[in-house]
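Undergrad: Next up is a structure, given as structure tokens.
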Amino acid sequence: MKDSLFGKTLVELTALAVELGLPRFTGKQMAEWLYQKDISSIDEMTNLSKKAREILNSKYEFGLVNSTKVQESVDGTKKYLFPTVQGKFIETAMIPDDDRKTVCVSSQVGCKMGCLFCMTGKQGFQGQLTAGEIVNQIRNIPEWHKVTNIVYMGMGEPFDNLEEVLKSLEILTSEWGLAMSPRRITVSTIGIVPGMVTFLNQSEAHLAVSMHTPFDDERQKLMPVQVAYPLAEVIREIKSWDFGRQRRVSFEYIVFKGLNDSPRHVQELCKILNGIKCRINLIRFHPIPGTPLEGTDENTLQKFKEKLNEKGILTTIRASRGQDIYAACGLLSTKEMVG
Amino acid sequence: MQKSANKNQQFELEEVTISGNEEISPGVHLISWLRTCNFSPGQVVKIAADPMIAPRIYSICSGNDESEIKVLFNVKEDGLLTPWLAGVIPGMKIWVSKPYGSFKDSKKPAWWIATGTGIAPFYSMFRSGMSENKTLIHGVRKLDQFYFEDELEWAMGDRYVRCCSQEQSCNVFPGRVNKYLEEIKELPTDINYYLCGKAIMVVEVRDLLISRGVPYENILAEIYF
């Protein structure tokens, strides 16, 4: 099986060009074809000599992977299903909203984290995605030229696949790559601290942390990762960083009925987030099969938001999109796996 | 991007001296060092070969009144730390954090459910005298992976259940932990369940328990990733 060009960085492309006896600048030319132009084969790299293309074709393939299924919601949200290792699938959502087109990418096939409210976790962990497979989810959808924002909030925990995620961010934000602003990209984690520290050091993209409750005992029952990386440690680490004016840190908070939607929770959130310039994104819970959890009612959700805003924490409610097409991550690929 | 405060000890680790390294089963090691602080059974420590490299997290596998802290791990061939850790000898130094974590048992009756080296926190609880009203269910692939089985069998008797998915023996349930639980007609719903091991076991067992009427609040999980 041939190695893919797609997913390689400029340094890697230049190195392989030199190794194949091609001029160094072929690396830059390949990067532009791979990440900036609408082609899908080495033969279409027309500013490379015919011989260069033959040499490349003998060892490499272009490497784009097409989606095998697309579903479109009545609200315009699309869900793409991409094949990956061992007959498994990953999901990518494209969410249009006025002038914005946000793509929600997966970083792993399945997930190891086992959060109680998550459908992806029920698949178990199937494997890591390569940087190419992550960037492919943007570059290989029809809307790719119009994508304005990217969120790493699909299947998997990005910081459990740190190296490939950082590489994908390099490709997305480099001038030779997709040349997106890192301020248009958000990486979401459940709080794997060492990965988060490396990410904060090496990338300028925004950070989102899945919190879901400010209380340790409650969080531990929702998210087993709390044992290894307690929320207090995550918050302490975030507090030690100067995020400046441009970079944003936000906290994701799925609101569950009777579990994490009380005034006590508002109070504790204010206490633990004191000193961090951040926002909270409240998320409606859409039940998954067999879950003991319920989403909170609309009235309580609005009040919860108002209380947090009154206390000075910028709080928004994320619009629920694509509910008619299993847009919550993990639902569609699980359905596809079980037929 | 800069940190507002520099932390030299990036992961807050301290150097300790290895006092023992025993291969208790092929590819599975129990390393130890002198205990310098208290801990609660079920807690974890971070371990690194170098303080500036991100540490890995391991459950403590010794009693809280023992003079040493012990950690159980299996060697991952492509791992960054465990191949090195498997070769440490007494006198060598490693970097460890203070014990921490909230995977703690209570006095309430409970079932401890583990796969593989996920037995570590429960062995720590057992060694700390907390096993009186507990049932321990340990799932492994091979019979030689029932770490500490003689001691556990002697002390816990019928409350120590072994499940083996790839080999058979008398007094060992043939199959995975999930299958063992599925075959129990009525699971107690008013006790606590502690799960420790790989994500897929934790997720499947948790789903099974919830489907049998166990409140999710009674289930506490630690996942090895």
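The values are calculated or read from the model by the stated rules, or taken from the named source; none is laboratory data. Note that the coordinates shown come from a computational prediction; the quantities given were computed from them, not determined experimentally. Heads up, the Cβs are rebuilt from the backbone with ideal geometry, glycines too, and the neighbour counts pull from every protein chain shown.
Undergrad: Out of (1) out of contact with any Asp or Glu (no Cβ under 9 Å at 6 or more places or on another chain); (2) at the interface with chain B (Cβ under 10 Å from one of its Cβ atoms); (3) closer than 15 Å to A:Leu273 by Cβ, what's the single condition that is false for A:Gly244?
TA: (3)
Undergrad: Is it the case, given these coordinates, that A:Thr148 is surrounded by fewer than 24 Cβ atoms within 10 Å (Cβ to Cβ) and in the same structural domain as A:Lys257 (by TED's automatic domain parsing)?
TA: Spelling it out, A:Thr148 is indeed surrounded by fewer than 24 Cβ atoms within 10 Å (Cβ to Cβ) and in the same structural domain as A:Lys257 (by TED's automatic domain parsing).
Undergrad: Now, a different point. Restricting to the stretch B:74-125, and then to whatever is among the polar types (S, T, N, Q) and surrounded by fewer than 23 Cβ atoms within 10 Å (Cβ to Cβ), can you tell me which residue is modelled with the lowest pLDDT?
TA: B:Ser106
Undergrad: Still on this structure, please answer the following. Could you go through the stretch B:50-59 and let me know if any residue there is crowded, with 20+ Cβ neighbours inside 10 Å and either under 16 Å from B:Met125 (Cβ atoms) or away from every other protein chain (no Cβ under 12 Å) (or both).
TA: Yes.
Undergrad: Please go through (1) in a loop (DSSP other than H, G, I, E, B); (2) more than 8 Å from every other protein chain (Cβ to nearest Cβ) for A:Thr300 and return the number of the only condition it doesn't satisfy.
TA: (1)
Undergrad: Being in contact with a Leu (Cβ under 8 Å, 6 or more places away or on another chain) and within 14 Å of another protein chain (Cβ to nearest Cβ) narrows it down to one residue among A:Phe117, A:Phe125; which is it? Don't jump to the end; show me each part of the working.
TA: Numbers: A:Phe125 fails: in contact with a Leu (Cβ under 8 Å, 6 or more places away or on another chain).
Of the residues listed, the single one that is in contact with a Leu (Cβ under 8 Å, 6 or more places away or on another chain) and within 14 Å of another protein chain (Cβ to nearest Cβ) is A:Phe117.
Undergrad: So for the stretch B:193-204 (the condition being touching a residue at least 12 places away in the same chain (Cβ under 8 Å), facing chain A (nearest Cβ under 8 Å) and in a loop (DSSP other than H, G, I, E, B)), does at least one residue qualify?
TA: There is at least one residue in the stretch B:193-204 that is touching a residue at least 12 places away in the same chain (Cβ under 8 Å), facing chain A (nearest Cβ under 8 Å) and in a loop (DSSP other than H, G, I, E, B).
Undergrad: Separate question: Is it true that some residue in the stretch A:85-100 is away from chain B (no Cβ under 14 Å), within 25 Å of B:Gly197 (Cβ to Cβ) and of a type in the set (S, T, N, Q)?
TA: yes
Undergrad: Please work out which residue is surrounded by the fewest Cβ atoms within 10 Å (Cβ to Cβ), limiting yourself to the stretch A:92-110 and to residues that are at pLDDT below 95 and assigned to a loop (DSSP other than H, G, I, E, B).
TA: Among them, the one singled out is A:Asp98.
Undergrad: Given A:Gly195, A:Gly191, A:Gly154, which one is part of a helix (DSSP H, G or I) and under 27 Å from A:Ala232 (Cα atoms)?
TA: Only one candidate passes the filter, namely A:Gly195.
Undergrad: If I filter the stretch B:160-168 for residues that are hydrophobic (A, V, I, L, M, F, W, C) and within 11 Å of chain A (Cβ to nearest Cβ), do I get at least one hit?
TA: Let us first name the residues in the stretch B:160-168 that are hydrophobic (A, V, I, L, M, F, W, C), namely B:161, B:163-164.
Next, only the ones that are within 11 Å of chain A (Cβ to nearest Cβ) stay: none.
Checked the stretch B:160-168: no residue is hydrophobic (A, V, I, L, M, F, W, C) and within 11 Å of chain A (Cβ to nearest Cβ).
Undergrad: Search the stretch A:196-229 for residues being under 28 Å from A:Trp144 (Cα atoms), small (Gly, Ala, Ser) and within 13 Å of chain B (Cβ to nearest Cβ), and hand back the single one that is surrounded by the most Cβ atoms within 10 Å (Cβ to Cβ).
TA: Among those that are under 28 Å from A:Trp144 (Cα atoms), small (Gly, Ala, Ser) and within 13 Å of chain B (Cβ to nearest Cβ), it is A:Ala205.
Undergrad: Then there is this: Tell me which residues, restricted to the stretch B:205-217, are outside any loop (DSSP other than H, G, I, E, B) and not hydrophobic (A, V, I, L, M, F, W, C).
TA: Correct list: B:Arg206, B:Asp207, B:Ser211, B:Tyr216, B:Glu217.
Undergrad: Which of (1) in a loop (DSSP other than H, G, I, E, B); (2) more than 17 Å from B:Cys163 (Cβ to Cβ) is the odd one out, the single condition B:Leu220 does not satisfy?
TA: Answer for B:Leu220: the failing condition is (1).
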